[in-house]
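The values are calculated or read from the model by the stated rules, or taken from the named source; none is laboratory data. Just so it is clear, the model here is predicted, and its values are computed rather than measured. When we count neighbours, we look across all protein chains shown, and the Cβ atoms used for this are built from the backbone with ideal geometry, even at glycine.
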């Protein structure tokens, strides 16, 4: 799989070229190539083209990086693909190519002049050119050479070339089978803990973390279906289990609620402290149109416009929790830390409880997941010996424990549900704590921005008054 990205640079042409052709990374410059220039004088030749067309300002160079999956490609093939890409996508642009082999994954670096040496046209990069040209050409070249790709229209969904080929022929893939099993488990589950139990009994190992991961026993890597479909996130699964799966799949209901609960209109109070500061700051940011900035704007305020929604969320957080002064903030932080401490302790106790029962929980999953293998072994099918042995070990362990399987299933479901709920609460409290830290760090710069903006507006008013 070739993952591509493009970076624009306003300077550092010589340093960028030196980095790309570094002998320690390119096997003594064996894995290098150029277009329209030579390695020894590439920087001077690119500068000459800019001077000749009188285009020496603005973006000086672009840097494209192609990263390939470890073990999937040889350095020579990576260089060949990079050269084909440059010839097709960058005719007339001087370029330097270097294949770096100093890391686990082979990656190609392409530095090219922002000015076309034959036409004087400047290269422009945007989302459309990336997806329709850079990404499209890179993916096509990877397919032609039998490498994995990223399916167009689904940027987060990476598939191998074989899997892509099976999809194009309408054949089942691991992803499609995983999603089918996930939907079946959602339909049958009573709650999230029961869902985890059902998935384990279908033969999946589960990775509990920021994202839910699933893999069949024996596979090397986890799959994270929640990256491309919010239905398969923990919150999405929890919502679907509550009886909304059919409506979600039919598009009649969103996976997660898009709107907050209705609240009746309340007259805005007179804000003070943090709330007054945020109201003033958001007012300044809201008065600035896209890419049109008043003169003498501070660099921080210029950047803050791009994070307007984050400031709105922080203001809503302050208002909902009635945080107005630094003392209020300190008290809220202390309560949050205490809550995190209690929840972390609760999670530790649940994990200890789970660890004590883990051999039985694993045996419970093995017994159910390997039941088909046992039946095939008893029918005389060869190749099932290992699975049958594992099944018999699991059954013996369960029998020796003296605990009925239904009791174990119920206990396991409860533990998983409680762990999931505690983890959800911990994430929510950590987000609150993070907002507190961000607000405390940002308020001094916000006060400076407001002061400088007001001083500038005062100067403008005085200047207009003198003109009259």
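Matching residues to (1) surrounded by fewer than 16 Cβ atoms within 10 Å (Cβ to Cβ); (2) at negative phi; (3) within 30 Å of the chain's Cα centre (by Cα):
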residue: 47; (1), (2), (3): no, yes, no
residue: 52; (1), (2), (3): yes, yes, no
residue: 66; (1), (2), (3): no, yes, yes
residue: 71; (1), (2), (3): yes, no, yes
residue: 82; (1), (2), (3): no, yes, yes
residue: 85; (1), (2), (3): no, yes, yes
residue: 98; (1), (2), (3): no, yes, yes
residue: 115; (1), (2), (3): no, yes, no
What residue, of 62, 93, is closer than 18 Å to residue 122 by Cα, in the same structural domain as residue 147 (by TED's automatic domain parsing) and part of a strand (DSSP E or B)? 62
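Pick out the one residue from 362, 428, 375 that is part of a helix (DSSP H, G or I) and closer than 18 Å to residue 195 by Cα.
Details: 428 fails: closer than 18 Å to residue 195 by Cα; 375 fails: closer than 18 Å to residue 195 by Cα.
Checking each option against the conditions leaves just 362.
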Answer yes or no as to whether residue 23 is free of Cβ contacts under 8 Å to residues at least 12 places away in the same chain, part of a loop (DSSP other than H, G, I, E, B) and surrounded by fewer than 16 Cβ atoms within 10 Å (Cβ to Cβ). yes
Filtering the range 444-458 down to residues that are more than 18 Å from residue 277 (Cβ to Cβ) and at pLDDT 75 or above yields 458
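Got a sec? Which of 56, 74, 4, 34 is touching a helix residue (DSSP H, G or I) at 6+ places or on another chain (Cβ under 7 Å) and under 30 Å from residue 220 (Cα atoms)?
Numbers: 56 fails: under 30 Å from residue 220 (Cα atoms); 74 fails: touching a helix residue (DSSP H, G or I) at 6+ places or on another chain (Cβ under 7 Å); 34 fails: under 30 Å from residue 220 (Cα atoms).
Step by step, each of 56, 74, 4, 34 is checked, and only 4 is touching a helix residue (DSSP H, G or I) at 6+ places or on another chain (Cβ under 7 Å) and under 30 Å from residue 220 (Cα atoms).
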Residues satisfying the stated conditions in the range 169-190, i.e. in contact with a helix residue (DSSP H, G or I) (Cβ under 6 Å, 6 or more places away or on another chain) and at pLDDT below 75: 173
Considering (1) touching a helix residue (DSSP H, G or I) at 6+ places or on another chain (Cβ under 9 Å); (2) modelled with pLDDT under 90; (3) under 19 Å from residue 33 (Cβ atoms), say which one residue 102 fails and leave the rest. (1)
